[in-house]
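> Pasting a structure here, questions to come.
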Amino acid sequence: MGQGVVNPVFRLFFKFCLIVWSLCILYPLLWTVFSSLKDNQQFFLGKPWDLPKLPLLWSNFSFVWEKYNFGQNFMNSLLVTIVSTVFGVLLSATTAYVIARFTFRGNGLLYYSYLSYMMIPTFLGIIPLFFLLNDLHLTNNLFGLILVYMVTAVPFAVFVLVSFFKSLPSELEEAASIDGASHYGIFFRIMLPLAKPGLMSVAIITVLNIWNEYVFALVLINDPTKYTIPVAIAVMQGEMQYRTEWGPLFAALIISMGPTIIFYSIFQKQITGGITAGALKG
């Protein structure tokens, strides 16, 4: 009887906590949307949490897109994120497959070498990395930034994907090998599709990390036409403190958040499935 009373109460309390938590998450997002539709007068004469007055200033979005060259910065981030994620995940998958499915001298050393990179703080390697890329003439270059993002994404991806490849049955490899499939055929036709949940999880985390990355882009890029979105917003914030154009700044934030929200909405089922599969295999 006590359990029957406690369970409904607990479920009600749990739902209440979820509602409160959702409101805490949604409120800053809604406040940013409302702020992006205001003019300067509403910021300084009204209260910060007031709703925007009519007419809504949708022109803030076109203003920041054209006036501050935010369109070019957006395309820079899009290019860097897509290319880095595709090649970074592919490189990680091949590396993880070899470590997980092949036995050779130095296998464990190679695996733990990748894991050890995850223990090194980013700021500790930013200076030697800058001088290395500068000697290779890859600073102030989107290609150099893509290489950095690819390399930094590999260790964590290898850590996640090794467990996926180890969990796959070896009978599939043996059957494919008997049928005459090469190592490349086994990997691309059998193992890679079976590791799709892990690949999705790694790709999602990589996309979010690269899209929001600030330190490498700030240090390695100094041409405003090659800025990524995080650097462009930081520069824009510094300028708008003196120009008092807060509406366009919030509009830039909305534009920067748009791709991640759309990405999550499209791949919501894959995200949930990848995380669940990763938890079970871990």
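The values are calculated or read from the model by the stated rules, or taken from the named source; none is laboratory data. Just so we're clear, the structure is a prediction, and the values are computed from it rather than from any experiment. Here the Cβ positions follow ideal geometry from the backbone for every residue, glycine too, while neighbour counts run over all protein chains shown. Quick note on the areas: whole protein, heavy atoms, side chains included, nothing else; ligands and nucleic acids left out. Shrake-Rupley method; radii C 1.70, N 1.55, O 1.52, S 1.80 Å.
> Does LYS47 satisfy the condition of being at pLDDT 80 or above and closer than 27 Å to SER256 by Cα?
no
> Can you name the residue in segment 37-59 that is closer than 18 Å to TRP246 by Cβ and among the aliphatic types (A, V, I, L, M) and is also most open to solvent (accessible area, probe 1.4 Å) among such residues?
The selected residue is LEU45.
> Same structure, new question: Show the residue pairs that are 6+ apart or on different chains and have beta-carbon atoms under 6 Å apart, the first residue being within segment 95-124 and in contact (Cβ under 8 Å) with a residue 60 or more places away in the chain and over 22 Å from ILE186 (Cα atoms), the second being open to solvent by 60 Å² or more (accessible area, probe 1.4 Å) and polar (S, T, N, Q).
none
> Between PHE34, PHE16, which is among the aromatic types (Phe, Trp, Tyr), surrounded by 13 or more Cβ atoms within 10 Å (Cβ to Cβ) and over 30 Å from LEU147 (Cβ atoms)? Lay out the reasoning, then the answer.
Numbers: PHE16 fails: surrounded by 13 or more Cβ atoms within 10 Å (Cβ to Cβ).
PHE34 is the lone residue from the list that is among the aromatic types (Phe, Trp, Tyr), surrounded by 13 or more Cβ atoms within 10 Å (Cβ to Cβ) and over 30 Å from LEU147 (Cβ atoms).
> Follow-up question, since we're still on this one. How many of the residues in segment 117-138 are part of a loop (DSSP other than H, G, I, E, B) and closer than 20 Å to PHE87 by Cα? Reasoning before the result, please.
Restricting attention to segment 117-138, the residues satisfying the condition of being part of a loop (DSSP other than H, G, I, E, B) are 118-121, 136-138.
Checking the rest, the ones that are also closer than 20 Å to PHE87 by Cα come to 118, 138.
So the count comes out to 2.
> Count, please, the residues in segment 114-131 that happen to be modelled with pLDDT under 85 and surrounded by 10 or more Cβ atoms within 10 Å (Cβ to Cβ). Outline the logic, then answer.
We begin by selecting, within segment 114-131, every residue modelled with pLDDT under 85; these are 114-125.
Next, from what is left, pick out any that are surrounded by 10 or more Cβ atoms within 10 Å (Cβ to Cβ): 114-118, 120, 122, 125.
Total satisfying the criteria: 8.
> Another one. Here's a check for you: in segment 172-193, which residue that is in a helix (DSSP H, G or I) and buried (at least 16 other Cβ atoms within 10 Å of the Cβ) is farthest from the chain's Cα centre (by Cα)?
In the first step, residues of segment 172-193 are kept if they are in a helix (DSSP H, G or I); the result is 172-178, 183-193.
Filter again for buried (at least 16 other Cβ atoms within 10 Å of the Cβ), leaving 173, 176, 186-187, 190-192.
Details: GLU173: 33, ALA176: 35, ILE186: 29, PHE187: 26, ILE190: 27, MET191: 25, LEU192: 22 Å.
Applying the filter and picking the extreme gives ALA176.
> Additional query: Only residues that are under 33 Å from the mean Cα position of the chain (by Cα) and not small (Gly, Ala, Ser): list them for segment 159-171, please. Let's see the steps before the verdict.
In the first step, residues of segment 159-171 are kept if they are under 33 Å from the mean Cα position of the chain (by Cα); the result is 159-170.
Of everything in segment 159-171, those that are under 33 Å from the mean Cα position of the chain (by Cα) and not small (Gly, Ala, Ser) turn out to be PHE159, VAL160, LEU161, VAL162, PHE164, PHE165, LYS166, LEU168, PRO169.
> Given the conditions (1) surrounded by fewer than 19 Cβ atoms within 10 Å (Cβ to Cβ); (2) touching a helix residue (DSSP H, G or I) at 6+ places or on another chain (Cβ under 9 Å); (3) aliphatic (A, V, I, L, M), report the number of the one that MET75 does not fulfil.
Single failed check for MET75: (2).
> If you go through segment 232-254, how many residues are part of a helix (DSSP H, G or I), of a type in the set (Val, Ile, Thr) and open to solvent by 30 Å² or more (accessible area, probe 1.4 Å)?
2
> Mind listing just one residue for me: the one in segment 209-231 that is surrounded by fewer than 16 Cβ atoms within 10 Å (Cβ to Cβ) and β-branched (Val, Ile, Thr) and, of those, nearest to SER77 (Cα to Cα)?
THR225
> Being part of a helix (DSSP H, G or I), out of contact with any Asp or Glu (no Cβ under 9 Å at 6 or more places or on another chain) and over 16 Å from PRO224 (Cβ atoms) is the filter; apply it to segment 50-78 and report the residue that is modelled with the highest pLDDT.
Ranking the candidates gives LEU78 first.
> Does segment 141-157 contain any residue that is surrounded by fewer than 19 Cβ atoms within 10 Å (Cβ to Cβ), free of Cβ contacts under 8 Å to residues at least 60 places away in the same chain, farther than 26 Å from LEU115 by Cβ and not aromatic (Phe, Trp, Tyr)?
No, because not a single residue in segment 141-157 is surrounded by fewer than 19 Cβ atoms within 10 Å (Cβ to Cβ), free of Cβ contacts under 8 Å to residues at least 60 places away in the same chain, farther than 26 Å from LEU115 by Cβ and not aromatic (Phe, Trp, Tyr).
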